[in-house]
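**Q** Take a look at the following structure, please.
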Amino acid sequence: MAFRPRFQRQIGDNTTTFDGFICTMTSGAMALDYQTRGTVRLTGGQLLTHSGLKAAEITDNGTNLSDLDAAWKSVSAALKIPSIKLQRRQNGFDDVLSALKSGRAVILQGDYRQLGKANRCQQNPVVKGHAIALLPERDGDRILVGDPLCRDFKFIPEADLRRFAVALGSSSHVFHANTQVPISERSVARSVPAAPIVDERVDPALHHPIAICDVAPTPIFTDPGGTSPFKNPFGGASGVGLYARSAPGAPKPFAAVRVDLKGGPKEDLHIMWVPTSAVSNVRLP
């Protein structure tokens, strides 16, 4: 099975008070998760914050692909990840199919009333305009869809999706945007060199940790965003110095820990970053 992002539901999104207005943002969040292979997971509400929209703009007009593009650009700049980039398109539905065939995710806007009762998760649409995320995974003539009004992904017939899109636009112009083609895991391994160590050297006599913890075997990173993996993983240890942790609810939770890159009697200590899921048994030093 191809990579699937985490499904996100707009109603009940606890990162915003505008959960009824963020179908485009929530669909865009699933597409962002897909594009980055799970390394950037934001909610629709968090993307809404990145869009820069004011409350009155949200409640008057909802969110559109232009707003989503602005949000992605903000995230790209904040995380320094150039591949976080949308391609807004103005062609017909065949352009959507072409994007999916090339391995891209698509955010598609359409008339929800025309999607068909068997496919909808809100049987009496409040408004006709709605946005969904399409992923390049098929089951016969059906395409995998992340509808933020649903509770999980579902396969929807291509013909129904075409009718949904054309009803809001036209046969020659449907409202959609697609992601870049994700870089394969193998290509990443070939193209990314060993990450340099960019932290300040740790002097145990001068720099004391805020706590002690145990760290399970894990990949380690030279940056707090987890974008620069060190060439060798950490084998795990107990009694490791803990210097910082991400705030609860952070989109990319990492902890700064003291790592001995050499081992043996002559230590080579550095502050490196590990996923907080690898950290346990935190206690005072």
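The values are calculated or read from the model by the stated rules, or taken from the named source; none is laboratory data. Since the model is a prediction, treat every value here as computed from it, not as a measurement. Positions of Cβ are generated from backbone atoms using ideal geometry, with glycine treated the same way; all protein chains shown enter the neighbour counts. Ligands, DNA and RNA are excluded from the accessible area calculation, which covers all protein heavy atoms including side chains. Shrake-Rupley method; radii C 1.70, N 1.55, O 1.52, S 1.80 Å.
**Q** Given a cut-off of 20 Å, name the pairs among 54/252; 73/252; 231/262; 85/128 whose C-alpha atoms lie farther apart than that in the structure shown.
**A** Working: 54/252 26 Å; 73/252 18 Å; 231/262 13 Å; 85/128 27 Å.
Those over the limit are 54/252; 85/128.
**Q** Local charge sum around residue 210 (other residues, Cβ-Cβ under 12 Å, Lys/Arg +1, Asp/Glu -1)?
**A** +3
**Q** Using alpha-carbon pairs under 8 Å, 6+ residues apart, how would you state the relative contact order of the chain in percent?
**A** 16 percent
**Q** Let me ask something additional. Calculate how steeply helix 65-79 sits against the longest principal axis of the alpha-carbon atoms of the chain, using the helix alpha-carbon long axis, and give the answer as 0 to 90 degrees to the nearest 10.
**A** Taking the Cα atoms of the chain, the angle to 65-79 is about 10 degrees.
**Q** How much accessible area per residue does the stretch 50-148 have, counting only protein heavy atoms and a probe of 1.4 Å, in square angstrom?
**A** Values: 4850 Å² over 99 residues.
On a per-residue basis, the stretch 50-148 sits at 49 Å².
**Q** While we're here: Suppose all protein chains stay in the model; what accessible area per residue would a 1.4 Å probe give for the stretch 208-285, in Å²?
**A** 52 Å²
**Q** Is it possible to state the helix-based mean residue ellipticity at 222 nm for the chain, with each DSSP H run of 4+ residues giving -39500 (n - 2.57), the sum divided by total residues, to the nearest 500 deg cm²/dmol? What is it? Display every interim value, and only then the final one.
**A** Details: 7 runs with 70 residues, N = 285.
Helix contribution divided over all residues of the chain: -7000 deg cm²/dmol.
**Q** Moving on to the next point. Based only on Cα atoms, what Rg/Rh ratio does the stretch 49-163 have, Rh being taken as Kirkwood's radius?
**A** For the stretch 49-163, the value is 0.98.
**Q** Same structure, new question: Express in nm, to one decimal, how much length is gained between residue 170 and residue 262 on full extension, taking 0.36 nm for each residue of separation and deducting their alpha carbon distance.
**A** Numbers: separation 92, 0.36 × 92 = 33.12 nm, distance 6.27 nm.
Once the chain is fully extended between residue 170 and residue 262, it gains 26.9 nm.
**Q** Could you please state how large a percent of the accessible area of the stretch 1-133 is carbon and sulfur, counting protein chains only and using a 1.4 Å probe? Working shown, then result.
**A** Values: 2950 of 6200 Å².
Exposed carbon and sulfur together represent 48 percent of the surface.
**Q** Here's something else I'd like to know. Roughly speaking, what % of Cα-Cα pairs in the chain are separated by over 29 Å, rounded to a whole number?
**A** Details: 17048 of 40470 pairs.
Here the tail beyond 29 Å accounts for 42 percent of pairs.
**Q** Could you pull out every Cys in the chain that lacks a partner Cys with its beta carbon under 4.7 Å away?
**A** 23, 213 - these cysteines have no disulfide-compatible partner (Cβ-Cβ under 4.7 Å) in the chain.
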